[in-house]
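Coordinate-derived values only; no laboratory data. Small disclaimer: the values here were computed from a predicted structure and weren't measured. Glycine gets a Cβ as well: all are built from the backbone with ideal geometry, and neighbour counts include every protein chain shown.
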Ligand code: COA
Ligand code: MG
């Protein structure tokens, strides 16, 4: 039965959404996983009048994810600080940051904390791996705490996403609940394209990749050097596959939280690689991350000029225009709209008391 799994990692894997992989093992043979059969099944499941299965990639909600702070769920002093901090997203961690003997108490503390002190930002809970013995209890606690997303650690195949999707469906999780996936093992990296594919459909919950370089360095034995020379190809691989499915991508943590210059250099590198933001471990890293993964005012002004130019009646049906001696196409308009929307989100966030 296990030999069937690789078939899911090919073209049909993303289309397998909606069919629990465990049930696949018992109910389906490899020959059932033809493109047509899976498309037909998903067509039955498609909602909201969408006739296609492979939908536009823009079904992912646009979120600001410049700074993604990790907080150990059993650290009451850190938990108490979160609401005063300006992180775009907070990952409440039940996994690596919590010792095995504290997992139960961390779960309870987190549910209690979020019921009274939910921060005004995207709320993410990182659970332990579903096969770890803690995973189910973590998922149950996470559902009780109503986060915006659940972060799955050490995702290595589409099946890891599918198990979580199935568990959430069986436990009546709201459709708005998203999944994030940590890519932090050699197998996860090798399968990252197939994992990303699970985020392509409307039914899919996968929304964001987070790169875990501490685990990846440990597993691959690539040493930690400034500049991350030999890790950059993998970082770009994750970025590319995330974009192929319209996912966001969050760069890895920088451990030396007292080294402000080193941190800023790595933020610049992450931004230049195309990442949306950085996973953080300390409040001191939030400000610089918000700045480096923010928007450049000159670029926003230019974006607004492009939007205004295409809004002119004489340009309404043009695919390409001359803007101050430069060719501007509708693809630039798309980029301009996204950048202006991001700038608006940042402004709104600043305006909050
Ligand atoms: N979130 C919220 N507050 C935090 C925080 C975090 N991630 N990290 C530190 N703080 C708070 C501390 O509680 C402290 O406040 P306090 O004096 O009121 O207790 C203040 O910020 C200054 O902290 P500092 O003394 O500089 O560091 P520390 O020794 O308390 O903590 C770490 C250092 C690394 C242990 C801590 O930052 C941490 O646990 N980070 C997250 C680690 C993690 O989640 N790892 C897993 C993912 S990689
Ligand atoms: Mg890890």
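Given the structure, is residue 83 assigned to a helix (DSSP H, G or I), closer than 30 Å to residue 198 by Cα and either more than 16 Å from ligand 2 (Cβ to nearest atom) or in contact with a strand residue (DSSP E or B) (Cβ under 7 Å, 6 or more places away or on another chain) (or both)?
Values: assigned to a helix (DSSP H, G or I): yes; closer than 30 Å to residue 198 by Cα: no; either more than 16 Å from ligand 2 (Cβ to nearest atom) or in contact with a strand residue (DSSP E or B) (Cβ under 7 Å, 6 or more places away or on another chain) (or both): yes.
For residue 83, the condition - assigned to a helix (DSSP H, G or I), closer than 30 Å to residue 198 by Cα and either more than 16 Å from ligand 2 (Cβ to nearest atom) or in contact with a strand residue (DSSP E or B) (Cβ under 7 Å, 6 or more places away or on another chain) (or both) - is not met.
Scanning the stretch 148-159 for residues that are free of Cβ contacts under 8 Å to residues at least 40 places away in the same chain and part of a strand (DSSP E or B), which turns out nearest to residue 181 (Cα to Cα)?
Only one residue fits best here, namely 152.
Of the residues that make up the stretch 176-184, is at least one within 16 Å of ligand 1 (Cβ to nearest atom), touching a strand residue (DSSP E or B) at 6+ places or on another chain (Cβ under 7 Å) and closer than 13 Å to residue 241 by Cα?
Yes, the conditions are met somewhere in the stretch 176-184.
Rundown of residues vs (1) in a helix (DSSP H, G or I); (2) touching a residue at least 60 places away in the same chain (Cβ under 8 Å); (3) on the phi > 0 side of the Ramachandran plot, yes/no style:
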| residue | (1), (2), (3) |
| --- | --- |
| 314 | yes, no, no |
| 318 | no, no, no |
| 321 | no, no, no |
| 327 | no, no, no |
| 332 | yes, no, no |
| 335 | yes, no, no |
| 339 | yes, no, no |
| 343 | yes, no, no |
| 346 | yes, yes, no |
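Restricting attention to the stretch 98-108, which residues are surrounded by fewer than 19 Cβ atoms within 10 Å (Cβ to Cβ) and either touching a strand residue (DSSP E or B) at 6+ places or on another chain (Cβ under 8 Å) or under 14 Å from residue 76 (Cβ atoms) (or both)? I'd like the intermediate steps shown before the answer.
The initial filter retains those residues of the stretch 98-108 that are surrounded by fewer than 19 Cβ atoms within 10 Å (Cβ to Cβ), namely 99-102, 104-105, 108.
Within the stretch 98-108, 102, 105, 108 meet the criteria.
Check residue 236 against each of (1) touching a helix residue (DSSP H, G or I) at 6+ places or on another chain (Cβ under 9 Å); (2) touching a residue at least 12 places away in the same chain (Cβ under 8 Å) and name the one condition it does not meet.
If we test residue 236 against (1) touching a helix residue (DSSP H, G or I) at 6+ places or on another chain (Cβ under 9 Å); (2) touching a residue at least 12 places away in the same chain (Cβ under 8 Å), just (1) comes out false.
Is it the case, given these coordinates, that residue 75 is out of contact with any strand residue (DSSP E or B) (no Cβ under 7 Å at 6 or more places or on another chain) and near ligand 1 (Cβ under 9 Å from one of its atoms)?
Working: out of contact with any strand residue (DSSP E or B) (no Cβ under 7 Å at 6 or more places or on another chain): yes; near ligand 1 (Cβ under 9 Å from one of its atoms): yes.
Judged against the criteria, residue 75 is a match.
Out of everything in the stretch 109-147 that is within 16 Å of ligand 2 (Cβ to nearest atom) and part of a helix (DSSP H, G or I), what residue ends up being nearest to residue 76 (Cα to Cα)? Spell out the reasoning first.
Going through the stretch 109-147, the residues within 16 Å of ligand 2 (Cβ to nearest atom) turn out to be 124-132, 134-135, 138.
After this cut, where a residue has to be part of a helix (DSSP H, G or I) as well, the list is 135, 138.
Numbers: 135: 22, 138: 18 Å.
Looking at residues that are within 16 Å of ligand 2 (Cβ to nearest atom) and part of a helix (DSSP H, G or I), I get 138.
Return the only residue of 193, 169 being surrounded by fewer than 24 Cβ atoms within 10 Å (Cβ to Cβ), away from ligand 2 (no atom under 16 Å from the Cβ), in a helix (DSSP H, G or I) and within 16 Å of the chain's Cα centre (by Cα).
Working: 169 fails: within 16 Å of the chain's Cα centre (by Cα).
Exactly one of 193, 169 is surrounded by fewer than 24 Cβ atoms within 10 Å (Cβ to Cβ), away from ligand 2 (no atom under 16 Å from the Cβ), in a helix (DSSP H, G or I) and within 16 Å of the chain's Cα centre (by Cα), namely 193.
For the stretch 60-70, check the following and say yes or no: at least one residue is within 15 Å of ligand 2 (Cβ to nearest atom), closer than 18 Å to residue 154 by Cα and touching a helix residue (DSSP H, G or I) at 6+ places or on another chain (Cβ under 7 Å).
Checked against the condition, which is being within 15 Å of ligand 2 (Cβ to nearest atom), closer than 18 Å to residue 154 by Cα and touching a helix residue (DSSP H, G or I) at 6+ places or on another chain (Cβ under 7 Å), the stretch 60-70 yields no hits at all.
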